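Read the structure below first, then the notes.
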Amino acid sequence: MANTIETKNPYTDKVISKYELFSKEKLEKSINSAEEAFLKWKKVDVKERAKLLKKVAMIMEENIERYSQLITDEMGKPISESKAEIEKCIYLCDFYRKNADLLLADEIIKTEAKESFISYDPLGVILAIMPWNYPFWQVMRFAIPTLTAGNTALLKHASNVSGCAIAIQEIFEQAGYPKSCFTTLLVDHDQIENVIENKIIKAISLTGSEKAGRSIAEIAGKNLKKTVLELGGNNACIILDDADLDQHIKTIVKARMQNTGQSCIAAKRFIVVETIYEEFLEKFTSKVKSLKIGDPSHKDTKVGVMARADLADTLQKQVKDSIDKGATIHFGNEKNKSYYQPTILTNVKPGMPSFDEETFGPVAAIIKVKDKNEAYEFASNSKFGLGSMIFTKDTDDAKQRILDIEDGAFFINEMVKSDPRLPFGGTKASGYGRELSREGILEFVNKKTVYINK
């Protein structure tokens, strides 16, 4: 096993930095220190914990250019989107700073007792295993509610964004959180099983692939530890025959191409009713062709590079296998190292990787269907269940279809996106549990019944 982590700029292919992996002794000390910090942190009043979020937001705001560039350098996100990611983290802090006290307040329950209520107590040390595609947002949407609820946190981040992981720890420390409240672990995947099995770890939050989710859930299950899993998706974007394409086409394209297509909640399958199919394909293609491609550090770049060359190789294989099964390249499909051209596939059908699997990159699969009923039927034909989006003028009719799709999100005339005020998570192979909102801050608490007799 290598004893160092190397981060590399996917656009320039140049090494950014090298980091030494934690030794067994340093890892054990970090876990023990997190538990020691928890025993004190849990006794801090929630109002005092929430106050620190103002400082966290301030640090991110003051350093937004530096953090944005770090994201872009490590994983290739267009700089304008990196900046938007930090801004969203600031908004997240603001939401929980204003609402945590109310969300965690004891819930009074009327019984025969003199007093009975639910107390929301923190669990302890929580392990987060996080991906590279939104290196600040994915971590912050776990850490902010988890720490504010009174837990302490350990982070195993994706190795290619180790600089972001260290920067996030520094933010919490500079904001005044006690030492070891939040700790980044520079460890290899081989060490994670031992971390999960450690009795100090009380629960695990994972955002990642279905394969990773199954593996982590198995280890956690053997050790009777709670997990929150936010896994992959191949979200459907339904275009009904009354959709206002001129109004929504920009949003529809963004739903696929944002973050160079590397998003679990991206629209991946565009299911289009045949009467509007040709018009949609023309307008969608025109908009995709107009996207500015280039250096992700330039503020007008909309599509840069994928985070690693091997990810582009995987995407290319999925496209090739789909073509071998009858799909057609309508536009794009050029690849160079970590760059993958925005690509449109037509004649896509169930049984093809571009329909059945998660394509994690700038490839849009277009599926023609005969009518609205077939559109919803195709949208539901997936092992994933993260989110769906429907574009139509008849929003009342779309609301009647909410029960038809099992996903964790159902968006009408808007792309699926996360919002601190709303719960976020999936069903089926997209995982379980919820992040954000009240549901998110209550995932890692002990909902304790308190009963006081007369």
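For (1) over 26 Å from Lys349 (Cβ atoms); (2) crowded, with 22+ Cβ neighbours inside 10 Å, each residue gets a yes or a no:
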site	(1), (2)
Pro296	yes, yes
Met306	no, yes
Ala309	yes, no
Asp313	no, no
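Check segment 216-227 and report whether any residue there is crowded, with 23+ Cβ neighbours inside 10 Å and out of contact with any Leu (no Cβ under 8 Å at 6 or more places or on another chain). No, segment 216-227 contains no residue that is crowded, with 23+ Cβ neighbours inside 10 Å and out of contact with any Leu (no Cβ under 8 Å at 6 or more places or on another chain). Close contacts from segment 310-331, counting a first residue that is assigned by TED's automatic domain parsing to the domain that holds Lys283 and within 15 Å of Gln262 (Cβ to Cβ) and a second that is among the β-branched types (Val, Ile, Thr) and part of a helix (DSSP H, G or I), with Cβ to Cβ under 7 Å and a gap of 6+ residues or different chains, come to none at all. Condition (residue is at pLDDT 95 or above and farther than 28 Å from Ile196 by Cβ) applied to segment 25-42: is it met by at least one residue? No, segment 25-42 contains no residue that is at pLDDT 95 or above and farther than 28 Å from Ile196 by Cβ.
Does Arg434 meet the test of being within 18 Å of the chain's Cα centre (by Cα), modelled with pLDDT of 95 or more and farther than 19 Å from Thr227 by Cβ? Can you show your working first?
Working: within 18 Å of the chain's Cα centre (by Cα): yes; modelled with pLDDT of 95 or more: yes; farther than 19 Å from Thr227 by Cβ: no.
Against the criterion (within 18 Å of the chain's Cα centre (by Cα), modelled with pLDDT of 95 or more and farther than 19 Å from Thr227 by Cβ), Arg434 does not qualify.
Quick check, is Asp73 of a type in the set (D, E, K, R) and within 27 Å of the chain's Cα centre (by Cα)? Break it down into steps so the answer makes sense when it comes.
On the way: of a type in the set (D, E, K, R): yes; within 27 Å of the chain's Cα centre (by Cα): yes.
Taking the combined requirement at face value, the residue satisfies it.
Note on segment 210-242: residues that are in contact (Cβ under 8 Å) with a residue 40 or more places away in the chain and in a loop (DSSP other than H, G, I, E, B) total 7. Within segment 382-408, the set of residues being in a loop (DSSP other than H, G, I, E, B) and closer than 20 Å to Asn259 by Cα comprises Leu386, Gly387.
So, in segment 383-408, how many residues would count as being hydrophobic (A, V, I, L, M, F, W, C), surrounded by fewer than 13 Cβ atoms within 10 Å (Cβ to Cβ) and in contact with a strand residue (DSSP E or B) (Cβ under 8 Å, 6 or more places away or on another chain)?
Summing the residues that are hydrophobic (A, V, I, L, M, F, W, C), surrounded by fewer than 13 Cβ atoms within 10 Å (Cβ to Cβ) and in contact with a strand residue (DSSP E or B) (Cβ under 8 Å, 6 or more places away or on another chain) in segment 383-408 gives 1.
Considering only residues of segment 409-440 that are within 22 Å of Asn259 (Cα to Cα), of a type in the set (A, V, I, L, M, F, W, C) and in contact with a Leu (Cβ under 9 Å, 6 or more places away or on another chain), which is surrounded by the fewest Cβ atoms within 10 Å (Cβ to Cβ)? If we take residues in segment 409-440 being within 22 Å of Asn259 (Cα to Cα), of a type in the set (A, V, I, L, M, F, W, C) and in contact with a Leu (Cβ under 9 Å, 6 or more places away or on another chain), then Leu422 is surrounded by the fewest Cβ atoms within 10 Å (Cβ to Cβ). Close contacts from segment 381-397, counting a first residue that is under 20 Å from Gly351 (Cα atoms) and a second that is exposed (fewer than 14 other Cβ atoms within 10 Å of the Cβ) and modelled with pLDDT of 95 or more, with Cβ to Cβ under 6 Å and a gap of 6+ residues or different chains, come to Asn381/Pro350. Number of residues in segment 409-452 that are free of Cβ contacts under 8 Å to residues at least 60 places away in the same chain, at positive phi and not in a strand (DSSP E or B) equals 1.
The values are calculated or read from the model by the stated rules, or taken from the named source; none is laboratory data. Computed from a predicted model, the values in this text were never measured in an experiment. Counting neighbours? That spans all protein chains shown, and the Cβs are built from the backbone with ideal geometry, glycine included.
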